[in-house]
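Enquirer: Can you keep this structure in mind? I'll have questions shortly.
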Amino acid sequence: MLSRYGTTQLPRRYNCNVQPKHKGDQTLCSFCVADVFGPSTYNGLLTAVGERSSTLRFASSYSRVSSDIYRGTVDGCLWCTVLANALLSSAELDYWYYAWQDSHTDGESMLDDEEDPERSDGISQDEEQDESMEPREPAAGDEELEADKPRSVDSSHFESSHSSRRRDQPGFLILEDLDCDAEIQVDMTFVATQNANFFNSLKVRLEFAGPNPRDPDCAISGLVGDDAVDLSFEVISPGSTSRLFPSEWGNVSPTSPTWPALARTWMSACNSSHQSCKPTRSLQPTRLIDVTDPDGARLILTTPGELRPYAALSYVWGVDQAYKLTKDTLKEKQRHIDMTLLSRTIKDAITVTRQLNLGYLWVDALCIIQDSKDDKARELPLMGDIYRNSAVTIIAASAPSANEGFLHPSESPRFFAQPIDIPLLGPRGEREIIRLAYRKYYLPSADPANSRAWCLQERVLSTRVVSFSYDGLKWMCREMHINPSAAEEAPRPFQILAPLAAESESGPDEDVILALWYRIRNDYSGRKLTNATDKLPAISAVAAEVARLTGWTYLAGMWREKLLSELHWECEKKRDYYIAPSWSWCSIASESAAVLDDDMQERQPFQFEILQCQVEPVNRGFPFGEVKSGFLEVKGLAVDLTWELHDLEEGNPGNSDVRLVDGEGDSRYIIGEGVLDARPDVPIRKGKIKCLAMSTTKVGARKGSLVDGLLLQPHGEDGEFHRVGKFQMYGPTVFEGVSAEVYRIV
């Protein structure tokens, strides 16, 4: 994988216009056989293993003329091909990166197109790339593309021409551009990552070494210093008993006999050395499942002051579970839990709890009385503490329902590019095949638990997590993250709340907490809920933690202290029935992401004032749960404009649903766009809508102003309004001469 400008991506494959001289089994040119993967490398690796003190590492270097790399690629050498693709990809990316930077004087970065705030790489989680690292011969129908300015640093936006020279199409390279006298320094480092006992990673650095750095006539002369090329590979020696390399990829399957010992090792390391991970155990759940008897289990009531280390289960219910705790079965389950009637996921959780040498397990279906509103009202406010104080949270990530279980074989590894096999030769005829590849990153959407709303707060509030995912086990705690199913430098699959919200000597960093809240909220609002009325309860524990850290006032999913920012959310699905006031993102249906604009730092209030905001919770003792009603009273500028729905079949610009129109006939102008909270069941092509301005944003080199605000419609007979969407106007002119008035939004 190629690292460039903070992104990680595949190098582009460059077309080979000359038929390789060699076919068949030959994989390396004579130079690479003798000097790159030959006896000196083999002996160096053996010596490093024998002399290992702490970190297993072996480094070597060589230099090569670019034209030799070109000829090796033409002849079908796999290693020369890898280097050639990396050099040319980097040079192309540099051209476009610096061209973009030079053309944007307002400070905008080419990397600002990143959409996912939890990711730092340039590869989409759901992107399927089955590219090969081997050279590709020209295909019939290959076409030249115009040298358009790219919209992202991701090289997949570019396609290299094989029939036109670079000087004819600036920014696009061909393989023949390497047929020059440039000297390339190649630094190779084999390392053992994630405390492995073998070399499992190869890092390669390519740097232009002469004769004339940054020569405009040389395609690769700029690849020096900070602009040198960095490549990463994972390494195994498949099916062997090698002393140097592992024989298989590191994925840890739930069916492997080694996973319990490995998980206990992770947990032991956390227990012994991670001070910030130690559960306070200041609170015990009301009930726990006692699994200390290997032949059975029973429900117990905890005693105040008696602290029992326990595991907590996070899982997908799916269909309603038949075997659960009710008022009528409480005493029976305290005597005995019928293991034959338990769902498969809870059975698997009991197995894991015992394998981790823990004697107690908390599961909502058996520890909360499911047909008691009073018990739920008592237990729901404790959810955050239950997961935070558990010895470990078991995430049944791969189970689509409680009936499916999660102790199943993990999926085989998938790769960003087709792995390549290279022979490594020793001085006495020894021969090992090393396989170079890079496993695809964890894909959250492939695990059902990541689509369920309740599971999110259970994960982010947990101090320690062992996740049973589709690709194997993972460990996460406040100080350590282990994912054997991916390379060490792969992005973290998840973020846990605790370390980002940790209090310092000067108190919690409210900006960090707010940013994290928005990230969690945006993730949460796109997840599924069986009961729409759980929209507020299922994120209540996270909200309670944020309130504890900041002292902010919670208002049906919003924060009073950040209300101007909060009101700028957008969504796409209709409301089913009352969940929250219309001005709150919680009022929309589940599976509809409520996304906050990311330019809030540049936004200024536009004669907009929040006068008061109130909500009435169902449970007055728990302000983070369901609400009965609420209102928002503001003072601002509003105009009534004609709105026209975009025709979905014709498409629409951006994410907008409506056009905002001022004037009529020849004086008719489109002055803005709007995003509706719900498209009406019966489309309304034309009509009037009230546009209440909230803020302005300076944009572009000319620093013009955009106006953002709320789309409102009357509600009832008392002069109240419903929020029905959000708008953005191209300028503030339409509000000139308008007087500020008070509006009550429910």
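The values are calculated or read from the model by the stated rules, or taken from the named source; none is laboratory data. Here the structure is a predicted model, which means the values were calculated and not measured. Cβ: placed from backbone, ideal geometry, glycine included. Neighbour counts: every protein chain shown. Each accessible area value is taken on the protein alone, full model and side chains, heavy atoms only, with ligands, DNA and RNA left out. Shrake-Rupley method; radii C 1.70, N 1.55, O 1.52, S 1.80 Å.
Enquirer: Give me the net charge for the shell around Gly405: Cβ to Cβ below 11 angstrom, other residues only, Lys and Arg +1, Asp and Glu -1.
Expert: Values: positive: Arg344, Lys347; negative: Asp348, Glu404.
Result for the neighbourhood of Gly405: 0.
Enquirer: Run the 1.4 Å probe and let me know the accessible area of Asp293, rounded to the nearest 10 Å².
Expert: Roll a 1.4 Å probe over it and Asp293 shows about 80 Å².
Enquirer: Tabulate in residue order the Karplus-calculated ³J(HN,Hα) for segment 718-728, using 6.51 cos²θ - 1.76 cosθ + 1.60 with θ = phi - 60°, rounded to whole Hz; enter x for Gly and Pro.
Expert: Each residue's phi maps through the Karplus curve to give 9, x, 8, 10, 9, 6, 10, x, 9, 10, 9 Hz.
Enquirer: Under the Karplus relation 6.51 cos²θ - 1.76 cosθ + 1.60, θ = phi - 60°, what is the ordered set of whole-Hz ³J(HN,Hα) values for segment 516-526, x standing for Gly and Pro?
Expert: Per-residue couplings from phi come out as 5, 4, 4, 5, 5, 4, 5, 5, 4, 5, x Hz.
Enquirer: Once you put a point 7 Å from the Cα of Ser412 and another 7 Å from the Cα of Arg744, both along the Cβ direction, what distance in nm separates them?
Expert: 6.6 nm
Enquirer: How much length is gained if the chain between Lys698 and His715 is pulled fully straight, taking 0.36 nm per residue apart and subtracting their Cα-Cα distance, in nm to one decimal? Mind showing how you got there, number by number?
Expert: Numbers: separation 17, 0.36 × 17 = 6.12 nm, distance 3.32 nm.
Gain on stretching Lys698 to His715: 2.8 nm.
Enquirer: Return the distance in nm (one decimal) between the two label points of a simple spin-label model at Asn357 and Arg264, each offset 7 Å from Cα along Cα→Cβ.
Expert: Calculated label separation equals 0.6 nm.
Enquirer: Taking only protein heavy atoms and a 1.4 Å probe, what accessible area per residue, in Å², does segment 209-362 have with all protein chains in place? Please list the in-between numbers first.
Expert: Working: 7300 Å² over 154 residues.
Solvent-accessible surface per residue comes out at 47 Å².
Enquirer: To continue, here is another question. Which pairs in the list Lys535/Lys726; Lys324/Lys562; Lys331/Lys474 are over 32 Å apart, alpha-carbon to alpha-carbon? All intermediate terms of the calculation are to be shown ahead of the outcome.
Expert: Details: Lys535/Lys726 21 Å; Lys324/Lys562 41 Å; Lys331/Lys474 37 Å.
The pairs that break the limit, which is 32 Å between Cα atoms, are Lys324/Lys562; Lys331/Lys474.
Enquirer: Taking 8 Å as the Cα distance limit and 6 or more residues as the minimum spacing, I'd like the relative contact order of segment 235-292 as a percentage. Intermediate values should be presented prior to the final figure.
Expert: Working: 24 pairs, mean separation 8.8, N = 58.
Relative contact order for segment 235-292 comes out at 15 percent.
Enquirer: Give the calculated FRET efficiency between Lys347 and Ser256 to the nearest 0.05, with a Förster radius of 25 Å applied to their Cβ-Cβ distance.
Expert: Values: r = 19 Å, r/R0 = 0.75.
Once the sixth-power term is evaluated, E becomes 0.85.
Enquirer: Can you send over the carbon and sulfur percentage of the accessible area for segment 350-438, probe radius 1.4 Å, protein chains only? Mind dumping the intermediate values first?
Expert: On the way: 1540 of 3350 Å².
In segment 350-438, the share of accessible area belonging to carbon and sulfur is 46 percent.
Enquirer: Please turn the phi angles of segment 551-564 into ³J(HN,Hα) values with the Karplus equation 6.51 cos²θ - 1.76 cosθ + 1.60 (θ = phi - 60°), one per residue in order, whole Hz, x for glycine and proline.
Expert: x, 5, 9, 8, 9, 6, x, 10, 10, 3, 6, 10, 5, 4
Enquirer: Taking the Cβ-Cβ separation of Asp217 and Ser61 as r and a Förster radius of 22 Å, what is the calculated FRET efficiency to the nearest 0.05? Write out the running numbers ahead of the final one.
Expert: Details: r = 27 Å, r/R0 = 1.22.
Rounded to the nearest 0.05, the efficiency is 0.25.
Enquirer: Shifting gears a bit: Taking amide H positions as placed in the peptide plane 1.01 Å from N, state which residues far from Asp657 in sequence (5 or more) or on other chains have amide H under 5 Å from it.
Expert: Here Gly674, Val675, Leu676 satisfy the definition.
Enquirer: What is the calculated FRET efficiency for Leu307 to Glu644, with r their C-beta to C-beta distance and R₀ = 56 Å, to the nearest 0.05?
Expert: 0.30
Enquirer: Let me ask another. Counting only other residues whose beta carbon sits under 13 Å from that of Leu632, what net charge do I get with K and R as +1, D and E as -1?
Expert: Values: positive: Arg560, Lys635, Arg723, Arg744; negative: Glu566, Glu609, Glu633, Glu720.
For residues surrounding Leu632, the net value is 0.
Enquirer: Taking amide hydrogens as modeled 1.01 Å from N in the peptide plane, which residues meet the under 5 Å criterion relative to Gly472, leaving out close sequence neighbours?
Expert: Glu411
Enquirer: With a 1.4 Å probe and every protein chain left in place, work out the accessible area per residue of segment 396-526 in Å², rounded to a whole number.
Expert: Numbers: 4660 Å² over 131 residues.
Computed with neighbouring chains in place, this is 36 Å² per residue.
Enquirer: Moving to a separate point now. Within the set of other residues whose C-beta is less than 15 Å from the C-beta of Leu325, count the net charge using Lys and Arg as +1 and Asp and Glu as -1.
Expert: Values: positive: Arg287, Arg298, Lys324, Lys327, Lys331, Lys333, Arg335, Lys373, Lys376, Arg378; negative: Asp290, Asp320, Asp328, Glu332, Asp338, Asp364, Asp371, Asp374, Asp375, Glu379.
For residues surrounding Leu325, the net value is 0.
Enquirer: Between Gln604 and Tyr5, what is the spin-label point distance in nm, taking each point 7 Å from the Cα along the Cα→C-beta axis?
Expert: Roughly 3.1 nm, to one decimal.
Enquirer: Taking amide hydrogens as modeled 1.01 Å from N in the peptide plane, which residues meet the under 5 Å criterion relative to Gly687, leaving out close sequence neighbours?
Expert: Trp643
Enquirer: How do the peptides 665-677, 535-547, 444-456 rank, highest first, by the average count of neighbouring beta carbon atoms within 10 Å per residue?
Expert: Working: 665-677: 15.9, 535-547: 22.9, 444-456: 20.5.
Sorting 665-677, 535-547, 444-456 by mean packing, highest first, produces 535-547, 444-456, 665-677.
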